[in-house]
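Quick notes on the structure that follows.
Each value in this text was obtained by applying a stated rule to the coordinates, not by laboratory testing. A quick note: this is a predicted structure, and the numbers were derived from the prediction, not measured. Cβ placement follows ideal geometry from the backbone for every residue including glycine, while neighbour counts extend to all protein chains displayed.
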Amino acid sequence: MTERKLSEAEDASFATGQSQYRTSIMKEYNPECTPEIESWLELDDQERIALVATYHRVAKIKLPSAAAHAALHAIVENQIALNREPVVRAMDRLGKGGLTRHDAVHAIGSVVPEHLFDILKTDQNDDAATSQARYYAAVERLTAASWRRGEH
Ligand SMILES: [Zn+2]
């Protein structure tokens, strides 16, 4: 990450008044390594998306929509950091099936768009629980083989 980007991130945290609570600011995202949970959760979503986008740009990974791709990464990493069991299990299963950590994030991210509305429901009524369950069921069905076959 460039110094300019870092100072932008610091400005953002200052603007939201969070800077005094921070112990360390995560400066880099690498999808092959599990982010340190506390550092990841300290970031706001915009900062997470910026770090993910920077990684893909520096790695020169061509994407139809870099912003959408980075947002999917952030959603999946949030679920891992919050220890959402179906997602954590899927990361493990996909890794054992031979996918890199980055590809495992992509595989899970591939089922996010069709369940986005479900995932973003935050109210804890029965309806939201059913919606989350549908998303988790889709995550549970993911395998390294199905990802390689392009079924998602
Ligand atoms: Zn990616």
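Points to keep in mind about this one:
- Anisotropy class of segment 46-144 from Cα gyration tensor, a/c 1.5 cut: oblate
- Dipole magnitude (debye, nearest 20) for segment 84-152, charges at Cβ of Lys, Arg, Asp, Glu: 420 debye
- Phi-based couplings in Hz for segment 31-45 (Karplus 6.51, -1.76, 1.60; Gly and Pro marked x): x, 7, 10, 5, x, 5, 4, 5, 5, 5, 6, 6, 6, 8, 4
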